[in-house]
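Have a look at the structure below before the remarks.
The values are calculated or read from the model by the stated rules, or taken from the named source; none is laboratory data. Every value quoted in this text rests on a predicted model; they were computed, and no experiment measured them. Neighbour counts are summed over all protein chains in view; Cβ atoms, including those assigned to glycine, are modelled from backbone coordinates with ideal geometry.
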Amino acid sequence: MANTPQSETVLETRGICLSFGALEAAKHLSFKLPRGGRRALIGPNGAGKTTFINLLTGKLMPDSGRILLNDNDISALPFHARVKLGLVRTFQISTLLRKMTVLENVQLAALEQHGRGGILLGGRSAQAEAAEEAFAMLVQLNLDAYASKLVGELAYGIQRLIEIAVALTSRPSVLLLDEPAAGVAPAESRLIVDVIDQLSSDISVLLIEHDMNLVFRFADWITVMAGGAILCEGSPREIAADPRVKEVYLGARTYD
């Protein structure tokens, strides 16, 4: 299988390992995400994908190995410190405030980004600036039509798009999208890909997803995990044709 395309690396792991008792949850994981890359992480349930993402974001700490962000060792940093350095994650389950409007959700994230602590504590001027910034983000992602809507009234696929808008207010250099299409209707999953396609090339994206149509449309390089280890990596065409991947994950399915 081909080697990873050469370019500047923004996020890297070097042989990270993690065990829970006798269970090896992460086995010598070495991975590179290039600046501006559009990468996908796939594998069957229990492959270790969520553990890997939790290690990247600081929710879990490795027993050994190193995690580098822009050549800085972040292996021991907590989650919030990694966010401030530009490593931002969306979650499998929505974390939006359903009884607030779309604009208010993004506005809160903007206030947090600027260290204002919350919409009630930020002061009138800070609130106005955050609202302006939030609306600009919604316009950028073609979501401004939903600004005054309560999050709980929106289709689930639109909520996942709002989560991306919230994540982007942190101005990430690396965006980890954790199953953004989970529970989303096919038509709405296409909207998610359209929004991702609009992201700046300055943002490197790692997509963790079970929707293989979305993965093969989005990714320029795919990493496959199985049993807590990296099974293989390659272009979408190489991954679709690899017999090992077909055996553990893709089965008889084919993709364009």
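In this structure, is Ala131 among the aliphatic types (A, V, I, L, M), in a helix (DSSP H, G or I) and exposed (fewer than 14 other Cβ atoms within 10 Å of the Cβ)?
Spelling it out, it is not the case that Ala131 is among the aliphatic types (A, V, I, L, M), in a helix (DSSP H, G or I) and exposed (fewer than 14 other Cβ atoms within 10 Å of the Cβ).
Check Ala22, Ala76 and return the single one that is more than 22 Å from Glu179 (Cβ to Cβ) and either modelled with pLDDT of 95 or more or of a type in the set (Phe, Trp, Tyr) (or both).
Ala76
Could you list all residues from the stretch 174-194 that are at pLDDT 95 or above and either out of contact with any helix residue (DSSP H, G or I) (no Cβ under 7 Å at 6 or more places or on another chain) or more than 17 Å from Leu214 (Cβ to Cβ) (or both)?
Of everything in the stretch 174-194, just one residue is at pLDDT 95 or above and either out of contact with any helix residue (DSSP H, G or I) (no Cβ under 7 Å at 6 or more places or on another chain) or more than 17 Å from Leu214 (Cβ to Cβ) (or both), namely Val174.
With the checklist (1) surrounded by fewer than 19 Cβ atoms within 10 Å (Cβ to Cβ); (2) within 13 Å of the chain's Cα centre (by Cα); (3) of a type in the set (Asp, Glu) in hand, flag the one item Glu188 doesn't pass.
(2)
Residue check: is Gln113 modelled with pLDDT under 85, polar (S, T, N, Q) and touching a Ser or Thr at 6+ places or on another chain (Cβ under 6 Å)?
yes
Those residues that are among the hydroxyl-bearing types (Ser, Thr, Tyr) and in contact (Cβ under 8 Å) with a residue 24 or more places away in the chain, I need them from the stretch 119-163; list them, please.
Tyr146, Ser148, Tyr156
Those residues that are in a loop (DSSP other than H, G, I, E, B) and under 14 Å from the mean Cα position of the chain (by Cα), I need them from the stretch 16-38; list them, please.
Those that are in a loop (DSSP other than H, G, I, E, B) and under 14 Å from the mean Cα position of the chain (by Cα): Gly36, Gly37.
Considering the stretch 12-28 alone, what residues qualify as being of a type outside the set (A, V, I, L, M) and more than 21 Å from Asn72 (Cβ to Cβ)?
Scanning the stretch 12-28 gives Ser19, Phe20, Gly21, Glu24, Lys27, His28.
Table: residues versus (1) without any contact (Cβ under 8 Å) to a residue 12 or more places away in the chain; (2) aliphatic (A, V, I, L, M); (3) closer than 30 Å to Ala22 by Cα.
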{"site": "Val193", "(1), (2), (3)": "no, yes, no"}
{"site": "Leu199", "(1), (2), (3)": "no, yes, no"}
{"site": "Ile203", "(1), (2), (3)": "no, yes, no"}
{"site": "Val215", "(1), (2), (3)": "no, yes, no"}
{"site": "Met225", "(1), (2), (3)": "no, yes, yes"}
{"site": "Ala229", "(1), (2), (3)": "no, yes, yes"}
{"site": "Glu233", "(1), (2), (3)": "no, no, yes"}
